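Below is one structure; the comments refer to it alone.
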Amino acid sequence: MNKIVEEISIELYEPSDNAQVIYTTRQLASQIGFDEIQQVLIATAASELSTNIIRYAEKGIITIRILENDKLYGIELIAEDKGPGIANIDMAMQEHFSTGNGLGLGLPSVRRIMDEFDIQSKLRQGTHIIAKKWR
């Protein structure tokens, strides 16, 4: 069972909120011993999630957790919004698919960077994503 060691939630309203997500994610990843490259990758995943919230849902929340599972430590990213939802998750998870002006690399790259990835979305109700990276 995963024990939550630390948890920080950041409300997202404007693009500048993304800087706080990146900074906080890197700090927590460093705290549990991820090397600098892994810190940047995990922060990139967090940035992709927060950018999507701001771009498509206009507001939402990112929660960053340090987890402990026996002797393993990890980072958990939880992205939640009450936006329009994703009509076709399978398509959204394909490289270069975008319903906006993006490159369509965001969600697929988050899935690639992190060890665990789960996405739930309902039209007109929002999207909930959980992604974990273990050290």
Placing +1 on each Lys and Arg Cβ and -1 on each Asp and Glu Cβ in the chain, then taking the dipole about the Cα centre, the residue among Ile42, Ile119, Leu28 whose Cα reaches farthest towards the positive end is Ile119
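Give me the net charge of Leu77's neighbourhood, meaning all other residues with Cβ under 9 Å from the Cβ of Leu77; Lys, Arg count +1, Asp, Glu -1.
Details: positive: Arg65, Lys132, Lys133; negative: Glu76.
Result for the neighbourhood of Leu77: +2.
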Roughly how much of Glu68 is accessible, in Å² to the nearest 10, using a 1.4 Å probe?
50
Net charge of neighbours whose Cβ lies under 14 Å from the Cβ of Leu41, counting Lys and Arg as +1 and Asp and Glu as -1:
+2
With axes computed from alpha carbons, what is the tilt in degrees of helix 17-31 against the longest principal axis of the chain, rounded to the nearest 10 within 0 to 90?
30
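Looking at the chain, send over the antiparallel percent of its DSSP beta bridges, to the nearest 5. Intermediate values should be presented prior to the final figure.
Values: 34 of 34 bridges.
Beta bridges within the chain, antiparallel portion: roughly 100 percent.
For Phe34, Phe117, what's the largest-to-smallest order of accessible area, 1.4 Å probe?
Working: Phe34 15, Phe117 50 Å².
Sorted descending by solvent-accessible area, the residues read Phe117, Phe34.
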Can you give me the accessible area per residue for the chain, using a 1.4 Å probe, in Å²?
57
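Quick check: residue separation of Met93 and Gln20 times 0.36 nm, minus the Cα distance between them. What number comes out in nm? Mind showing how you got there, number by number?
Working: separation 73, 0.36 × 73 = 26.28 nm, distance 2.57 nm.
23.7 nm is the gain from fully extending Met93 to Gln20.
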About the Cα centre, charge dipole magnitude for the chain (Lys/Arg +1, Asp/Glu -1 at Cβ), debye
160
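Ignoring ligands, DNA and RNA, please state the percent of accessible area on the chain from carbon and sulfur, probe 1.4 Å.
Numbers: 3760 of 7660 Å².
Its accessible area is 49 percent carbon and sulfur atoms.
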Label-reachable residues, the range 7-47, where backbone N falls under 16 Å from a point 7 Å from Lys82's Cα toward its Cβ
11-13
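The values are calculated or read from the model by the stated rules, or taken from the named source; none is laboratory data. Model, not experiment: these values are computed from the prediction. Heads up, the Cβs are rebuilt from the backbone with ideal geometry, glycines too, and the neighbour counts pull from every protein chain shown. Only protein heavy atoms, including side chains, enter the accessible area calculation; ligands, DNA and RNA are left aside. Shrake-Rupley method; radii C 1.70, N 1.55, O 1.52, S 1.80 Å.
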